[in-house]
Amino acid sequence: MNFETLDINMRRFETSLDQVILPDLYLVVRIDGRNFTRLTKEICEFEAPFDTRFRDAMTDTVKHLMECGFRIVYGYTQSDEISLLFHPDDRTFGRKTRKINSVLAGEASAFFSLKLGVLACFDCRVVPLPNLECVKDYFAWRQEDAHRNSLNAHCYWLLRQEGKSAQEATKEIEGKSVSFKNELLFSRNINYNDLPGWQKRGIGLYYSSYEKTGYDPIKQQKAVSIRNRIETNMDLDTGDGYTDWVVSLMQGRG
């Protein structure tokens with residue numbers, strides 16, 4: 001069998017599980033840390049419940065992913081996860097899930113590992129969404145997850161610092177209401193509402209335009225050009241104000 005025939009025959013198997021996201025669907029990917037509990041608590045020993053070094057590494061990883069070849073209009077990170085909203089016109093790799101997942105998981109893992117100086121691994125999943133309402137619901141969902149995780153984490157580590165075991169701290173807040181947890185913190189002089197926004201609602205990254213003044217050597221005069229840069233929002237809005245803003249970024253109105 002010659003190479004051309006062998007190549008055709010084998011590629012049938014190689015591409016047999018390829019899935020392509022249809023062009024009329026909106027596209028989000030979520031990237032999650034693998035075994036990050038061990039990474040953050042044992043290997044790196046980050047401060048609990050939130051550590052600025054870990055936060056900055058995650059934020060810088062989002063920036064890297066927004067500039068690694070895909071057309072990303074919004075990046076969101078909370079805890080050990082990242083969500084990326086693609087521009088509707090992005091057709092990188094023909095929107096093949098195999099390529100999107102493998103490239104973004106690899107880029108995130110490599111960049112984050114180099115940033116911290118320890119081995120770290122991310123997985124990646126593609127989330128196709130049928131309409132803008134689902135895009136809004138997705139980011140509302142992840143932000144609410146951030147809020148729940150944040151409130152639980154502050155309560156849990158408060159109890160741990162007071163001498164309770166992991167099992168005791170978990171049992172004390174398990175199944176309890178939001179108001180109970182807020183009151184638990186407030187009874188120790190911690191007003192949850194006053195905690196940093198990035199801890200409660202996550203961090204958003206987006207592109208903004210700005211004017212840069214340079215020099216045109218041909219016309220021998222100053223020239224102004226429009227450039228893009230990534231901005232970081234650590235005090236995100238909530239509710240419709242937040243989700244409407246996310247959609248506006250995709251529509252070029254942010």
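The values are calculated or read from the model by the stated rules, or taken from the named source; none is laboratory data. The structure presented is a predicted model; accordingly, all values stated were derived computationally and were not measured. Glycine also receives a Cβ, built like all others from the backbone with ideal geometry; neighbour counts cover every protein chain displayed. Quick note on the areas: whole protein, heavy atoms, side chains included, nothing else; ligands and nucleic acids left out. Shrake-Rupley method; radii C 1.70, N 1.55, O 1.52, S 1.80 Å.
Being at pLDDT 95 or above and farther than 17 Å from VAL73 by Cβ, is that true of even one residue in the stretch 223-234? Checked against the condition, which is being at pLDDT 95 or above and farther than 17 Å from VAL73 by Cβ, the stretch 223-234 yields at least one hit. You will find that of GLY69, GLY75, the residue that is under 18 Å from the mean Cα position of the chain (by Cα), closer than 20 Å to ASN149 by Cβ and of a type outside the set (S, T, N, Q) is GLY75 and no other.
For the stretch 188-218, give me each residue that is open to solvent by less than 70 Å² (accessible area, probe 1.4 Å) and farther than 30 Å from PHE70 by Cα. Before the answer, list the steps.
Residues of the stretch 188-218 that are open to solvent by less than 70 Å² (accessible area, probe 1.4 Å), as a first pass: 190-192, 195-206, 208, 210, 214, 216.
Once the filter is applied, which keeps residues that are open to solvent by less than 70 Å² (accessible area, probe 1.4 Å) and farther than 30 Å from PHE70 by Cα, the stretch 188-218 yields ILE190, ASN191, TYR192, LEU195, PRO196, ASP216.
For the structure I just gave you, tell me whether ARG229 is open to solvent by 70 Å² or more (accessible area, probe 1.4 Å) and within 21 Å of ARG55 (Cβ to Cβ). Yes, satisfied.
Considering the stretch 18-36, and only residues there that are exposed (fewer than 15 other Cβ atoms within 10 Å of the Cβ) and closer than 15 Å to PHE112 by Cα, the residue that is farthest from the chain's Cα centre (by Cα) turns out to be ASN35.
Return a yes/no flag: does the stretch 182-190 have any residue that is at positive phi and of a type outside the set (Ser, Thr, Tyr). Before the answer, list the steps.
Of the residues in the stretch 182-190, the ones at positive phi are 189.
Next, only the ones that are of a type outside the set (Ser, Thr, Tyr) stay: 189.
Yes, some residue in the stretch 182-190 is at positive phi and of a type outside the set (Ser, Thr, Tyr).
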